[in-house]
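Everything below concerns the one structure shown next.
Taken together, the values in this text are just the output of simple stated rules run on the coordinates, not laboratory data. None of these values were measured; they are calculated from a predicted model. Reconstructed Cβ throughout: ideal geometry from the backbone, glycine too, with neighbour counts over all protein chains shown.
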Amino acid sequence: MENMAELKNIATLRNKTILVTGGAGFIGSHLVNELIGQGSKVIVVDDLSSGKKENISPKAKFYEADVRSKKITDIFEKEKPKVIFHFAARPLVQDAFNNPYEVIEVNIMGTVNVLEACRKKGDIESIIAVSSDKAYGKAEKLPYKEDYPLMGDHPYDASKSSADLIAQTYFSSYGLPIKITRFSNVFGPGDYNFSRIIPGIVEAVAKDKELLIRSDGKMIREYTYVKDIVDGCIKLAGYKKSFGEAFNFGSKNIFSVVDVVENIERILGQKINYKILNIAKNEIPKQYLDWTKAKEVLNWQPKTTFEEGIKETFNWYKEFYYGK
């Protein structure tokens, strides 16, 4: 009964004008296309540094822009969005280690710039600031809960901790209607970042090449299918309460890197040749989330099994490499 009562507090986003930063990227494009399908008017802002315009529905209005630029305020003034999803970021852990300045600047100051545009506009109904499980850093107790401190000490992790805290600041200081998401590792069709483990595995299978694993193969992560993440984001954006709060979104798919390889071998019925490089620096050894809050408040839980998600993902990449 409590869940049904809470569901009454989740408004539809149909017919809303929605702006998605990073909307041509992996998760953002899935969100954009789902929102379009639900009848929303969607504006996408993306600098195409990792996203691809062809990922998104032609029904979305597209602006090529860096989230650090003054153009963001102009877009807000012109389009007058009511709901904001801020996905834009430099998303790769290894890139952050190799090039910390740009990644930190985009992830932190890009967030400040978007939230400033929201503050100046003044009539936003809902803002989803996309953080990460990496924002927690190396917490001693597992699973990570929303009230754990944010202690990232890797360049990427620290950039997400900082952006997360800044989003909280814009709620507590300026009253912006912000809610924060912290995802586990997300996988699914349309991820072109082949340095990530699941796209890397699929590429190795498709091209019959050796998979190079940066870590020692023992790092444990939680893997959630992209469509389940999109479902959680939409529910959270429509939820009329919990402003200023964070929500974890995860799954029951908690594996080491070698476990992921072996599970995909079983699912696809194909041997994967891999080599462990063990060159990853200062990464979190073990991480997974407690997503009880999202389940109880939003009536959300992941619907896609790891096997179903891998099969859908692999079928998409087969078409990507070989066509129909």
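Observations
- Intensity falloff of the range 223-279 expressed as log10 I(q)/I(0), Debye formula with alpha-carbon point scatterers, at q = 0.13, 0.29, 0.31 Å⁻¹: -0.55, -1.19, -1.23
- Here the scattering of the range 111-228 is modelled by Debye summation over its C-alpha atoms, one equal scatterer each and no solvent; at q = 0.11, 0.14 Å⁻¹ the log10 of I(q)/I(0) is -0.49, -0.74.
- Label point at K218 placed 7 Å out along Cα→Cβ; residues across the range 265-290 whose backbone nitrogen lies under 12 Å: 285-286
- Directionally averaged projected area (convex hull, Cα atoms, the chain), nm²: 15.9
- Once backbone amide H atoms are built at 1.01 Å from N, Y239 has A11 as its partners under 5 Å, excluding neighbours fewer than 5 places away on the same chain.
- Calculated on alpha-carbon atoms, Rg and Dmax of the range 98-178 in Å: 13.4, 41
- Calculated mean residue ellipticity, 222 nm, the chain: -12000 deg cm²/dmol, from DSSP H runs (n ≥ 4) at -39500 (n - 2.57) each, averaged per residue and rounded to 500.
- All-pairs alpha carbon distance profile, the range 166-324, 10 Å steps from 0, percent: 10, 34, 31, 18, 6, 0
- Stretching Y192 away from E79 to a fully extended chain increases their span by 37.7 nm, per 0.36 nm per residue minus the current alpha-carbon distance.
- Cα→Cβ-extended label distance, 7 Å offset, between N299 and W316, nm: 2.7
- Rg/Rh ratio calculated on Cα atoms of the range 233-311 (Kirkwood radius): 1.08
- Convex hull volume of the range 1-106 per residue (C-alpha atoms, cubic angstrom): 125
- Estimated FRET transfer efficiency when R0 is 30 angstrom, pair K207-E54 (beta carbons, to 0.05): 0.90
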